[in-house]
Amino acid sequence: MIVVFGSINIDLIMQVKHFPTPGETVMTPSYEWLSGGKGMNQAIAAARAGVKVAMVGRVGDDGFGTRALNAMRRESILTSGVIQSESLPTGCATILIDETGENEIVVSLGANAEVDATQVPDEILGPSNLLLLQMELPAEANWDVLKRAAARGATTILNLAPANELPREALSHLDYLIVNRIEAEQIATKLGLKIETDALKLAYALSKNCDLTCIITLSGRGAVAVSGSTGWVVPALKVDTVVDTTGAGDTFCGVFAAAIHQKLSLPDALRRASVAGSLSIKGKGAQTAMPYIDDIVTYLPQLPEPEMVKL
Ligand code: RIB
């Protein structure tokens, strides 16, 4: 089983012709409310990729929280670890999407700020499970659960998004670190590493320094990964019309985690994750266009095998 310890949000989505500059008001005719949050997005991506998922988090005692819980239950995700806050509303992300499909996001934590490490019992952090974390929960809670998971033998994956402080000790408990290019540079800077312009070299530096498998996602250019002295370059699938890139990184992470949990090799897991991330940008919202395993398998032959690079 995959345990996702993460955020649950309602996403307020507005389509704009261009992003407002400071002091500017941009008008748009309509908006939508859709479920989101990096934790819930990744849980749904993993569940659709065919693995059992348990979500641990917190929502408000409000309609948005109920809606998110129902959406997860419809995907057969276990939600007994999701608590309703007595005082805070469900987390909310305001998302602007421009005409190219790019986004700008402001996240208000709401009930996610109350998530507590004690919500994750030791019993679900054993060697047969995988823990998947992001950075939209209180950091201390994340590090507590990560430390216990490493001690009890669970496979551990952290998507360092949005980029935030990552203590050295936390890194030592990680098996996989997934970051985008900006997040990779931020963590490399904090660790005092040279900022390589080549993504593969940057992944190598992080992997070597932190003794983990490092994956750097590169949006429309796919991803690179380094494990030990072996690097992998995986392209992205060509997509005719980009509707909304929100949640593409989450789709990548959830599907990658599912593939690793299913014991696929690193290149095979990267290939599946890249196909899924590419498919997810064909529809509006983080979760609407997230593919199911059958879609991923159908499109897999269109993506070349990841290229291996000896480092
Ligand atoms: O990664 C996309 C997610 O980030 C959105 O669903 C939004 O809720 C924010 O958390």
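The values are calculated or read from the model by the stated rules, or taken from the named source; none is laboratory data. All figures in this text were calculated on a predicted structure; none of them were measured in a lab. Every residue, glycine among them, receives a Cβ derived from its backbone with ideal geometry; neighbour counts consider all protein chains shown. To get the accessible areas, we keep the full protein, side chains included, count just its heavy atoms, and leave off ligands, DNA and RNA. Shrake-Rupley method; radii C 1.70, N 1.55, O 1.52, S 1.80 Å.
Taking every eigenvalue of the Cα gyration tensor of region 130-241, multiplying by 5 and rooting it, what semi-axes result, largest first, whole Å? Before the final figure, lay out the partial values.
Numbers: eigenvalues 106, 50, 39 Å².
In descending order the semi-axes read 23, 16, 14 Å.
For Thr298, project a label point 7 Å along Cα to C-beta. Then give me every residue of region 257-280 with its amide nitrogen under 14 Å of that point.
276, 279-280
Which lysines, if any, have their Cα less than 16 Å from the Cα of Lys238, not counting same-chain residues under 8 positions apart?
Lys282
Just the number: Rg to Rh for region 246-311, Cα atoms, Kirkwood Rh, two decimals. Write out the running numbers ahead of the final one.
Details: Rg = 11.8 Å, Rh = 12.0 Å.
Rg/Rh for region 246-311 comes to 0.98.
Go ahead and estimate [θ] at 222 nm for the chain from helices alone: -39,500 (n - 2.57) per DSSP H run with n ≥ 4, summed, over the residue count, rounded to 500.
Numbers: 9 runs with 98 residues, N = 311.
Roughly -9500 deg cm²/dmol at 222 nm, from the helical runs in the chain.
Just the number, please: Stokes-Einstein D of region 1-49 in µm²/s, Kirkwood Rh from C-alpha pairs, 10 °C, 1.306 mPa s. Please report the intermediate quantities before stating the final value.
Details: Rh = 13.1 Å.
Estimated diffusion coefficient is 121 µm²/s.
Which order do peptides 221-229, 81-89 fall in by mean Cβ count within 10 Å, highest first? Don't jump to the answer; show the numbers that get you there.
Working: 221-229: 20.7, 81-89: 16.0.
Ranking, from highest mean packing down: 221-229, 81-89.
Please give the peptides 251-257, 161-167, 117-123 ranked by average Cβ packing (other Cβ atoms within 10 Å per residue), highest first, as a rough proxy for protection. List each step's numbers first, then the result.
On the way: 251-257: 31.1, 161-167: 15.7, 117-123: 13.4.
With the highest mean Cβ count within 10 Å placed first, the list reads 251-257, 161-167, 117-123.
Size of the dipole of the chain about the Cα centre, Lys and Arg at +1 and Asp and Glu at -1 on the beta carbon, nothing else charged, in debye to 20?
Values: 25 positive and 34 negative charges, 165 e Å.
For the chain, the charge dipole is close to 800 debye.
On average over all directions, what projected area in square nanometres does region 191-311 have, based on the convex hull of its Cα atoms?
Values: hull surface 30.4 nm².
Orientation-averaged projected area of the Cα hull: 7.6 nm².
Take every Cα pair under 8 Å in the chain that's 6+ residues apart, average their separations, divide by the length, and report that relative contact order as a whole percent. All intermediate terms of the calculation are to be shown ahead of the outcome.
Working: 746 pairs, mean separation 54.8, N = 311.
18 percent.
Return P(r) of region 1-105 (all Cα-Cα pairs; 10 Å bins starting at 0; whole %; ordered from short to long distances).
In order of increasing distance, the bins hold 15, 41, 27, 15, 2 percent.
Any idea how far apart Ile182 and Thr28 come out in nm if each label point goes 7 Å out from Cα toward Cβ?
1.7 nm
With N set to the residue count of the chain, report its C-alpha Rg divided by 2.2 N^0.38 Å to two decimal places. The partial results should precede the final answer.
On the way: Rg = 18.3 Å, N = 311, 2.2 N^0.38 = 19.5 Å.
Ratio of Rg to 2.2 N^0.38 Å for the chain: 0.94.
Along each of its three principal axes, how wide is the spread of alpha-carbon positions in region 116-175, in whole angstrom units, largest first?
Each principal axis gives a Cα extent; for region 116-175 these are 28, 22, 16 Å.
When ligands, DNA and RNA are left out and all protein chains stay put, how many square angstrom of accessible area per residue does region 59-190 have with a 1.4 Å probe?
Roughly 45 Å² per residue, with all protein chains present.
Diagonalise the Cα gyration tensor of region 187-232 and give the resulting equivalent ellipsoid semi-axes, square root of 5 times each eigenvalue, largest first, whole Å.
For region 187-232, the ellipsoid semi-axes come out as 16, 13, 8 Å.
How much accessible area does Glu185 have with a 1.4 Å probe, in Å² rounded to the nearest 10?
The accessible area comes out at roughly 70 Å².
Could you check what % of the DSSP bridge pairs in region 45-199 are antiparallel, to the nearest 5? Mind dumping the intermediate values first?
Values: 6 of 19 bridges.
Close to 30 percent.
With every protein chain kept in the model, how would you rank Tyr292, Tyr176, Tyr299 by accessible area, 1.4 Å probe, largest at the top? If you can, show how the numbers build up before the last one.
Values: Tyr292 105, Tyr176 40, Tyr299 70 Å².
Highest to lowest solvent-accessible surface, that is Tyr292, Tyr299, Tyr176.
Quick one: work out the % antiparallel among DSSP beta bridges in region 1-112, nearest 5.
40 percent
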